[in-house]
Every structure is written in structure tokens, then in C-alpha cells.
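Read the structure below first, then the notes.
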């Protein structure tokens, strides 16, 4: 793995007395420059050979952080893109914290947004020192020094960065580095900057934690309860012992499963399957999906548990008393599995001081905190080495650090000396919980004869994601878990007389944020309602949306401009048989026009036009890729994905029952990035919310069938 | 049991239980980790390798059935078709998380070797078994077409 070697190379050359300039936070938390003693965990290192390594504090799950954060540093340094190297940050919740969360954690489409100035300033600080060093060495004034594409020059003198590293480190850095203005950008906004992870990932050389093998390591698969919340009561090893590579099996200390140890992955899976375990289901979920749906209906039939907006349900209904058009509907959403391509796994080993994880780690701070608690260590005794992650979509950022805890318990149960590699099978993944919660929305909106909104009455029943977690204080207000209603309670539409009730569904089935979190259902409901209202009032759906945005407000104006960009790109005309949806999430504005063809209920999405405003477009091609990928991820999910249960046991097992989007499903996609000099915002998630409703609205336009119960296969549609 | 294999042009001897899928021999015993585990039931294509030059799903291919046939993994790709495909993948910046891409590339190389100028429908048919959860499909298709064009030239 090139970046690992390069880091080791730095440390080695540093030890040998060769200078390495590190820019990062000093003990006082201020941006500083120095050797490894002053700056323990830097953002940027430059060695005397002129190699520049950017330490990536956010993991790479495909969203482009290695390219994005490297761009920020290379831009300020005016470095040669080809020579920039990357390395993943170790666990250090102080220096590498996400500035929005206060912990080392990637999520909420914030990697670039929170690092934008931090990584640029690190690059700018290094640049300033190099310029001043060159100026002193060459006896010219600093403003005569130029840096272009990694070459420092003045007149006929040229040098690479490494030649001034020693001198630069002896200078006092300026307190507040001066970063470029947007008109000075050479790399930021450049249409095509090759991804930093492309080469390794097209040759099979990229290292994922799944590829880690330590000497003497045992492979572990976990036999888990078939029903969520079951506890091990007894086990029988007889059949497992017949498996060739079987080593041992031990119940985890929390009784949530039995760790099966074997000499390789395959034998671990086989022995796990052969193991006979009896379970105590007294605290387990025993309902099936139909019973859960009935409970959801009961929840919205009754008064809401919590009210999230000042307008009461009664007031909203009074406002709609004389409505010319009423739109009322229930929308139902299933459990969804993230199903990242790399099944969950990690390796844990003993260190002289504690333990070390090898993991495609999304939240080192979470892992350190939870595992330290479980193993009775201090947080600093839990090291994390981060590898490329084979996708996440939210699954790897878990406040319970679930798979790390399993690995830690399995490691501990075997004596705490032998390295252990925990591997989940795809069945473990699809049946393993931490789903996007099921939800039911009951909504009613009223319009007057002119098609103006009079009121909106909305009741959401959902299983809260963050209640009972350490994030509760941040996310739950007045009883309402914001992740159940985001996008709805804070809509940019100017809705008069809007009431919003929320009721909590309760289950021991663990739920989690799934790419775009609450927006994955709120946007579907709102954008379907917009389409229904437009149809009833005989208004153009695009025009109706524009009329509901406050264009005197900065956010309203950006949303309107994004809507217009999609409309114009797709050459949208009133009366077109196509679908439209737009949504604001993660501070990013996205609008989608969908073209579908339907033959005898067989749907193909032909084309998506996606307009996005995410502030300064740092890597336009990465943004485009995230729009394509977000739309593709949403497509399979809304079309045909659901996790269902029978008597508490998950029915779907693997991809044949949980069919992901495949190449033949994929539409053509055209992306337009709205030009902006605003601070950059997220792109990993925001394409997901509007894609589903745009497709649903297109299906309605073509067939007259309104889809309110997901996945769309429930309405008899198939997809190809 | 001892098996003699020919992997990436090299003779290899491995100890494995009969019935072990080729995937796990390649990954856990031969340490060729570019070939990935995604589903274990031949439904995602992450484990695709070449068997006598043609793509197979190694997760569902028992070691006993390999015999002295030539196995090629992503690490062993070296002919012109493969290099052109990998170059097209880089040119189009196809990858996101990258976990499925070894399998995607093995399938694409297999396709272009057998059919140097595939139609859209033929690309779809050949690649339908390779899942990419990041949905990089638009670019996969684009890269295959680019590679086909470059191979022609």
C-alpha cells in the first residue's frame, strides 16, 4: 500500500536525521510547523526529497476524500498533483476531529465542508515558509518567488520543495496563513483532476481491512441470534468440530452471539453454520413486517406523541377548511440495508500498550470510546489503523461500534493475545440490522382555487435513530429525533399553517443512518405531495415549486436557481410526461428531472438530469460521480429493496433477495454544477433524496399510478 | 488435501479442505487479495477471476474443479487488452470505493477478449452480474467503450 510505505518512509528518514516538515496542530491546538516532536499528527508532511504527503483525517469510502483533501493542500502549495501522496490519519480525536462534530468521525456529507479552510491553511502555511526560505537563500524578495506546479523559482533559479525544508522549519510560521482567493485557484474547480485512489483500485493493490493478514491470526465468524435481541442460552459444538479448520467457539460476553474461531475465512463460515445454539428470546423482537405495519398505522391513527411545529393539527385543518383542492395520502417505507460492497470486517491485535484495530474506520473516536469501555482500557490505548473502506453509506459510522465490539469481545474471549479477524458474510450483513428505519407518513395538504397552499398537516411515525445514544442531546429536541423529520420540519418551501406530529415506533431492531438519513423518506413524501398538488390544481410542478420558495432569501434563491438549472438542462415543458423533484439536504441543493419508459408495468429509467449547488466545486468530476452514484444507489432502493421479517426473523438473505442496482438498470445521467463561490457543502448524500420522487413522479406522469408504498415493486412494477 | 494450481502463470501448491471455494484459496492461502469477497453466492461478481481466460465467480467454484487449468487474478493481468481496460478505468476515473472494481475489470477484460467491439446490450449482458454499490455503472460502460475503441486503434 503506497501511502503506508510512504509514511513509514517518512518516519524512517526522520529517524535517520533527514528533515521532514510537518504542518499540523501543536500541543496547544494551534496550526504549527515542526518536526514530529512538535507536530505529532500532521495534516501535511514534506520531506527533503520533496515528497508531499497529505494525511487524510476522513476515511475514504469512495466519496473522494483522498482526492478532495489533497486538492485543498496542493492548491495552496501550488504543488505538482502527480507528486502528492496520501496517508490515512491514525486515531486522534483532538487533532483529526471533524470540526462540525468535535470527534473524529466522517458522516453527514461534511468531510470537505469542515476541512475546507483547515487543510488549505496547512498548505498555505507551508507555502509561506518555503517562499521565505527560498527568498533568503537566493537573496531576492519574497514577492519575486514563484511557485508553479511544484517548482519554486526566481529568475533563472529553480528548486523543488524538499530543498528548502530544513531552512523552512527554522523560520517562525505566520500566525494566520493567507489563503488564496477563488480567482487564484488552479486546482480547485479544475474540471478533471485524476483521483488519488484510482491507480491502486484498478490494479487490485488498494488495501481494505478485508485484505489484512497478521501472523498467527485467527478468523472469526459470529453466530448471531436469528431474532434481534436474542441471547445465547446454550451451545453444542459437535457438528462444528467436524469442520476441518475449526479451532474453537466461545459465547461473547454480552451473550449476543457466539464467536467461532477458525484457520481461514471459509472454515469460519462453515463452522459457524454448523454450530447449534439455543437462544433466549424473552427480550427479542418477534413480530413480522405485517404486524409492524399495523402498529405504524395505529400510531398515525392516534394523536401524535410529539408536536414539532408551532401550528397545531387543528389549526392546520381549520386553515384547509375551504380548500379547493385537498391532497391526502399515507406513504410507507421499508427497512433498508446499506449493503456496502465490502462486508463488515476488522482485525484486532494486541499492542504493548493496548489493542490496535485494522479497519476501514469511519469513526475512530467512536471506536476508541466504545472499545475502551468494553475492554476496560483508556481511549488512548485503542489504536486504529485506517484502510480504504469498501463503501459504507452510513453503516460503518455507528455509535455502538457494533462490529468493533464483536471483534473486541471475540479477541478477549480467546485470551486477548491472538490477533483476530472478524468477517461478516453477506447474509450477516443483510440480516444484521442497523437498517434505515421503517416509517409511515400521513399527510394532507390543501390548496385554494389558484393553486396556492393553505395548510399542511403531517404525521410521521418512525423508529428514532438517535434516541438513547450519546448523540441524543444534539439531535433530539422536544421529544423529536431530528433524523426522523429532517427535510420536512426545515423545508425551504414557504408553507403556511404547517403542523407536524411525530410518533415513535419501538423495537429492539437496531436502526441507523442510511445514505441521506431522514431525507431518504421525507423528500419522497414532500416531492410526491408537490406533484399530487400540481396535478390536482392543474399547475406545472416546476412552477408550483418555484412559487413556494422565498427567492428573497439566500437559500430560497439558491434552491430556485438549482431548480431552474435542471429545468433548462432537461428542456422541461409544462405538460411533459416526465418527473421532477428537488430537495435541500446537507446544505446542498439538488433538482432532478427523470425520464422513464414503462411497458406493461416494466419500468426503465432512461435519463436523469441532475442540477446541484454545493458551493465552491472543489473537484467537479468527483461531484459528478457522487451525483451519478447517489442517484444509482437511490434507484435500486426505491425500486425493489426492502428488508422484511417473519416472526422476528429477516426473510431476505443475500443479493438475490435484495437486488442492488445493476448496470442494466442505470439511466444516462447528465449533471450540471451550479457555479458558486459559497463555502463548499456535502455531495455524498444529497443526490439520494430527490432521485426517488423524481422517478415516482415520472412513473405517475406516464402511467397515472401514484406510488406511495415502497419499494415500487409493491405497486406491481418491475425494473430492468 | 494438497492441490496443485497454476495461478498467474506460476505453479502453486496449497493445502485446503476439499470443496473450498477457489476465492478463499486465492485470498487466504495465496495472499492474492485483489480478488474480493462480496456475497459468496455468485450474485455480485466481486470475486471474478479468469479460468483459461474466461471470467468465473471464484466464490462458487470449488478448488477440486480447477485441475491444471490456468487461473488469472487481477494481479496477473498483463496483456494488451487488460492494460487498455485499466487505462480506460483510470482515464474515466471510474472507481469510488473500489472494492468491486477488480471484479468489474476482470469481467470487462473477459468480454473484450471474446468480443472486441461489444454493443450496449452485449456490455449489459456481460456486466449485469457485477454489482457496484457505489453505482459507478455510467463510467464502467463508458470505460469499456473507450477501451474497445482504443483496442481497435
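Please work out if residue B:95 is touching a residue at least 60 places away in the same chain (Cβ under 8 Å) and either under 24 Å from residue A:191 (Cβ atoms) or part of a helix (DSSP H, G or I) (or both).
On the way: touching a residue at least 60 places away in the same chain (Cβ under 8 Å): no; either under 24 Å from residue A:191 (Cβ atoms) or part of a helix (DSSP H, G or I) (or both): yes.
Criteria not met by residue B:95.
From the set of residues in region A:187-203 that are within 7 Å of chain B (Cβ to nearest Cβ) and in contact with a strand residue (DSSP E or B) (Cβ under 8 Å, 6 or more places away or on another chain), which is farthest from residue A:53 (Cα to Cα)?
Keep residues of region A:187-203 that are within 7 Å of chain B (Cβ to nearest Cβ), which gives A:194-195, A:197-199, A:201-203.
Subsequent filtering for residues that are in contact with a strand residue (DSSP E or B) (Cβ under 8 Å, 6 or more places away or on another chain) retains A:197, A:201.
Numbers: A:197: 14, A:201: 19 Å.
By that ranking, first place goes to A:201.
Does region A:607-618 contain at least one residue that is part of a strand (DSSP E or B), surrounded by fewer than 24 Cβ atoms within 10 Å (Cβ to Cβ), assigned by TED's automatic domain parsing to the domain that holds residue A:535 and at pLDDT 95 or above?
Here is the first cut: in region A:607-618, the ones part of a strand (DSSP E or B) are A:607-613.
Within this subset, residues satisfying the condition of being surrounded by fewer than 24 Cβ atoms within 10 Å (Cβ to Cβ) are A:607.
Checking which are assigned by TED's automatic domain parsing to the domain that holds residue A:535 leaves us with A:607.
Still in the list and also at pLDDT 95 or above: A:607.
Checking region A:607-618: at least one residue is part of a strand (DSSP E or B), surrounded by fewer than 24 Cβ atoms within 10 Å (Cβ to Cβ), assigned by TED's automatic domain parsing to the domain that holds residue A:535 and at pLDDT 95 or above.
Of the numbered conditions (1) within 17 Å of residue A:413 (Cα to Cα); (2) surrounded by 23 or more Cβ atoms within 10 Å (Cβ to Cβ), residue A:230 fails exactly one; give the number of that condition.
That leaves (1) as the condition not met.
Does region A:647-661 contain any residue that is in contact with a helix residue (DSSP H, G or I) (Cβ under 7 Å, 6 or more places away or on another chain), without any contact (Cβ under 8 Å) to a residue 60 or more places away in the chain and under 18 Å from residue B:133 (Cβ atoms)?
Yes; the residues of region A:647-661 include at least one that is in contact with a helix residue (DSSP H, G or I) (Cβ under 7 Å, 6 or more places away or on another chain), without any contact (Cβ under 8 Å) to a residue 60 or more places away in the chain and under 18 Å from residue B:133 (Cβ atoms).
Just name the residue that is modelled with the highest pLDDT out of those in region A:472-481 that are under 18 Å from residue A:506 (Cβ atoms) and surrounded by fewer than 20 Cβ atoms within 10 Å (Cβ to Cβ).
A:479
Looking at region A:57-79, is at least one residue surrounded by fewer than 24 Cβ atoms within 10 Å (Cβ to Cβ) and at positive phi?
Among the residues of region A:57-79, at least one is surrounded by fewer than 24 Cβ atoms within 10 Å (Cβ to Cβ) and at positive phi, which makes the answer yes.
So, in region A:619-658, of the ones that are more than 14 Å from chain B (Cβ to nearest Cβ) and outside any loop (DSSP other than H, G, I, E, B), which residue ends up nearest to residue B:128 (Cα to Cα)? Show your work before the answer.
First, pick out the residues of region A:619-658 that are more than 14 Å from chain B (Cβ to nearest Cβ): A:642-651.
Right, trim to outside any loop (DSSP other than H, G, I, E, B) and you get A:643, A:645-646, A:649-650.
On the way: A:643: 23, A:645: 28, A:646: 30, A:649: 30, A:650: 26 Å.
This residue is A:643.
Quick check on residue B:71: is it in contact (Cβ under 8 Å) with a residue 12 or more places away in the chain and not assigned by TED's automatic domain parsing to the domain that holds residue B:8? Can you show your working first?
Details: in contact (Cβ under 8 Å) with a residue 12 or more places away in the chain: yes; not assigned by TED's automatic domain parsing to the domain that holds residue B:8: no.
In short, no.
Among the listed residues A:273, A:239, which satisfies the condition of being over 37 Å from the mean Cα position of the chain (by Cα), in a helix (DSSP H, G or I) and free of Cβ contacts under 8 Å to residues at least 60 places away in the same chain?
On the way: A:273 fails: over 37 Å from the mean Cα position of the chain (by Cα).
Exactly one residue qualifies, and that residue is A:239.
Against the conditions (1) buried (at least 20 other Cβ atoms within 10 Å of the Cβ); (2) within 12 Å of chain B (Cβ to nearest Cβ); (3) within 21 Å of residue A:403 (Cα to Cα), where does residue A:246 fall short? Just the number, please.
Tallying (1) buried (at least 20 other Cβ atoms within 10 Å of the Cβ); (2) within 12 Å of chain B (Cβ to nearest Cβ); (3) within 21 Å of residue A:403 (Cα to Cα), residue A:246 fails exactly one: (3).
Restricting to region A:130-143, name every residue that is farther than 25 Å from residue A:36 by Cα and either surrounded by 14 or more Cβ atoms within 10 Å (Cβ to Cβ) or in contact (Cβ under 8 Å) with a residue 24 or more places away in the chain (or both). Break it down stepwise before answering.
Looking only at region A:130-143, we keep the residues that are farther than 25 Å from residue A:36 by Cα, and these are A:135, A:138-143.
Correct list: A:135, A:138, A:140.
Which helices (runs of 4 or more DSSP H) sit wholly inside region A:383-486 and have at least 1 residues that are away from chain B (no Cβ under 14 Å) and within 18 Å of residue A:503 (Cα to Cα)?
Answer list for region A:383-486: A:472-475, A:482-485.
Does at least one position in region A:290-303 carry a residue that is part of a loop (DSSP other than H, G, I, E, B), in contact with a helix residue (DSSP H, G or I) (Cβ under 7 Å, 6 or more places away or on another chain) and farther than 23 Å from residue A:410 by Cα? It would help to see each step written out before you state the result.
Our first condition is that a residue be part of a loop (DSSP other than H, G, I, E, B); within region A:290-303, this holds for A:302-303.
Adding the requirement that they be in contact with a helix residue (DSSP H, G or I) (Cβ under 7 Å, 6 or more places away or on another chain) leaves none.
No, that holds for no residue.
Go through the residues of region A:204-224 one by one and say whether even a single one is in a loop (DSSP other than H, G, I, E, B), out of contact with any helix residue (DSSP H, G or I) (no Cβ under 9 Å at 6 or more places or on another chain) and more than 13 Å from chain B (Cβ to nearest Cβ).
Let us first name the residues in region A:204-224 that are in a loop (DSSP other than H, G, I, E, B), namely A:204-207, A:212-217.
Filter again for out of contact with any helix residue (DSSP H, G or I) (no Cβ under 9 Å at 6 or more places or on another chain), leaving A:212, A:214-217.
From what's left, more than 13 Å from chain B (Cβ to nearest Cβ): A:216.
Checked region A:204-224: at least one residue is in a loop (DSSP other than H, G, I, E, B), out of contact with any helix residue (DSSP H, G or I) (no Cβ under 9 Å at 6 or more places or on another chain) and more than 13 Å from chain B (Cβ to nearest Cβ).
If we scan region A:87-106, do we find a residue that is more than 22 Å from the chain's Cα centre (by Cα) and outside any loop (DSSP other than H, G, I, E, B)? Spell out how you get there, then give the answer.
First, the residues of region A:87-106 that are more than 22 Å from the chain's Cα centre (by Cα): none.
For region A:87-106, residues more than 22 Å from the chain's Cα centre (by Cα) and outside any loop (DSSP other than H, G, I, E, B): absent.
Can you tell me which residue is surrounded by the fewest Cβ atoms within 10 Å (Cβ to Cβ) among those in region B:99-129 that are more than 7 Å from chain A (Cβ to nearest Cβ) and assigned to a loop (DSSP other than H, G, I, E, B)? Before the answer, list the steps.
First, pick out the residues of region B:99-129 that are more than 7 Å from chain A (Cβ to nearest Cβ): B:103-104, B:106-123, B:125-126, B:129.
With the extra rule that they be assigned to a loop (DSSP other than H, G, I, E, B), the set shrinks to B:115-119, B:129.
On the way: B:115: 13, B:116: 12, B:117: 11, B:118: 19, B:119: 9, B:129: 17.
Result: B:119.
Which number in (1) within 14 Å of chain B (Cβ to nearest Cβ); (2) surrounded by fewer than 22 Cβ atoms within 10 Å (Cβ to Cβ) marks the one condition that residue A:174 misses?
Among (1) within 14 Å of chain B (Cβ to nearest Cβ); (2) surrounded by fewer than 22 Cβ atoms within 10 Å (Cβ to Cβ), residue A:174 violates only (1).
The values are calculated or read from the model by the stated rules, or taken from the named source; none is laboratory data. Because the structure is predicted, anything quoted here is derived from the model rather than measured. No Cβ is skipped: glycine too gets one built from the backbone with ideal geometry, and neighbour counts run over all protein chains shown.
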